[in-house]
Amino acid sequence: MKAYVFPGQGAQYPGMGKDLYEQSPIARQMFENANSILGFNITEIMFNGTEEELKQTKVTQPAIFLHSVILATIMGDNFKPDMVAGHSLGEFSALVAAQAMSFEDGLRLVSARAMAMQKACDKEPSTMAAILGIDDKIVEEVCASIQEIVVPANYNSPGQLVISGSIAGIDKAIEELQKRGAKRAIKLVVGGAFHSPLMEPARIELAQAIEKTNIVEPICPIYQNVTAMPETNPEKIKQNLIAQLTAPVKWTQTIQQMIHDGATSFTEVGPGQVLQGLIKKIDRNAVIEAVPV
């Protein structure tokens, strides 16, 4: 069974998507359509902008979504998923690629998500940190023992868990986890505490947009971040999408479940190869396939 996975924030790079634009008339039309939907020239920033310009949340999230969905679209008959999943933002790309919602609706939601998250970040200074080389359960214990807000946010692979919370909470957690034997604890250069309770204002704002969006049954199950389980019911997909902003991304558990359910190969659709590396860490025997374009 073929599994297709879609990357999240952090996969962006200057010049992304330019090759797709130049090689495919379908891609060109979708990029132009995106410029008018977003109300600014995102293609100019993607193709010619600096790394700094691409790092703005309002640009990063739509840019990665566009690259991923356009790539899946121009794959045509080569895109035949038996199951899909997306890492955080990538869940929106996966839903559009699996025909659960339209490209236009997906782009509007991703743009609304980016704006809502940026507002939540501006409201309260917060951050994230990658914790490496220590058991997930110890990270969970340490986070639970701290008075400030700090929670597990991304279960990326065994021994690689990202935590999220207030600056004081993250500092205390790093200090304690280093004492408990973490090999590395690195603060990330991010705008805020994604997938934590500090994203509650964004969750409330985005919930209204998601509720109004037409989501139908996808062509194959989508394994969602919140549960790490396959889903095809449109109402449950919506509920999980809303919960995703304040809940952890269960990526390790998602890949393990997909393999358990019969995934024989994984293809990463979008910029970069971050997810390929994580999948290999989750299961060294996993078969990674290149995008056949």
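Each reported figure results from applying straightforward, stated rules to the coordinates on display, with no laboratory input. Predicted model only: the values in this text are computed from it and were never measured. Neighbour counts run over all protein chains shown; Cβ positions are idealised from the backbone, glycine included.
Before moving on, here are some points about what is shown:
- Cβ crowding within 10 Å ranks CYS143, CYS220 as CYS220, CYS143, fewest other Cβ atoms first.
- Each of MET199, MET229, MET1 was scored by other Cβ atoms within 10 Å of its Cβ. Listed from fewest to most, they are MET1, MET229, MET199.
- Amide H to amide H distances under 5 Å link SER265 with ALA3, where only residues 5 or more positions off or on other chains count and H is placed in the peptide plane.
- Each label was represented as a point 7 Å from its Cα along the Cα-to-Cβ direction; for GLN23 and THR50 these points are 3.0 nm apart.
- Contact order for the stretch 141-254, expressed relative to its length and based on alpha carbon pairs under 8 Å spaced 6+ residues apart, stands at 29 percent.
- Subset of LYS18/LYS238; LYS183/LYS280; LYS183/LYS250; LYS18/LYS250 violating a 30 Å alpha-carbon distance limit: LYS18/LYS238; LYS18/LYS250
- Geometric extent, Cα atoms of the chain - Rg, Dmax (angstrom): 18.2, 56
- Prolate/oblate/rounded call for the stretch 1-137, Cα gyration tensor, a/c under 1.5 rounded: oblate
- Karplus-derived 3J(HN,Hα), 6.51/-1.76/1.60, for each residue of the stretch 254-265, Hz, glycine and proline x: 5, 5, 4, 5, 4, 5, 4, 8, x, 4, 9, 8
- Calculated over the stretch 209-293, the projected area of the Cα convex hull averaged across directions stands at 6.5 nm².
- For the stretch 207-223, putting each phi into the Karplus relation 6.51 cos²θ - 1.76 cosθ + 1.60 with θ = phi - 60° gives couplings of 3, 4, 5, 5, 4, 7, 7, 7, 10, 10, 5, x, 6, 7, x, 10, 8 Hz, in residue order, rounded to whole numbers and with x for Gly and Pro.
- Between SER265 and GLN147, the FRET efficiency estimated from the beta carbon spacing at R0 = 45 angstrom works out to 0.50.
- Ranking of SER111, SER102, SER164, SER36 by neighbouring Cβ atoms within 10 Å, starting from the fewest: SER36, SER102, SER111, SER164.
- Computed from backbone phi, the HN-Hα couplings of the stretch 230-238 come to x, 9, 10, 6, x, 5, 5, 4, 4 Hz, rounded to whole numbers (Karplus: 6.51 cos²θ - 1.76 cosθ + 1.60, θ = phi - 60°; Gly and Pro given as x).
- Among the trypsin sites (Lys or Arg not before Pro) in the stretch 145-245, those located in a DSSP loop and surrounded by at most 11 other Cβ atoms within 10 Å of their own Cβ are LYS183.
- Positive minus negative residues near SER88 (Lys, Arg vs Asp, Glu; Cβ under 15 Å): +1
- With eigenvalues of the C-alpha gyration tensor scaled by 5 and rooted, the stretch 121-180, Å: 18, 13, 9
- The separation of the stretch 250-279 from the stretch 158-186, counted between C-alpha centres, amounts to 25 Å.
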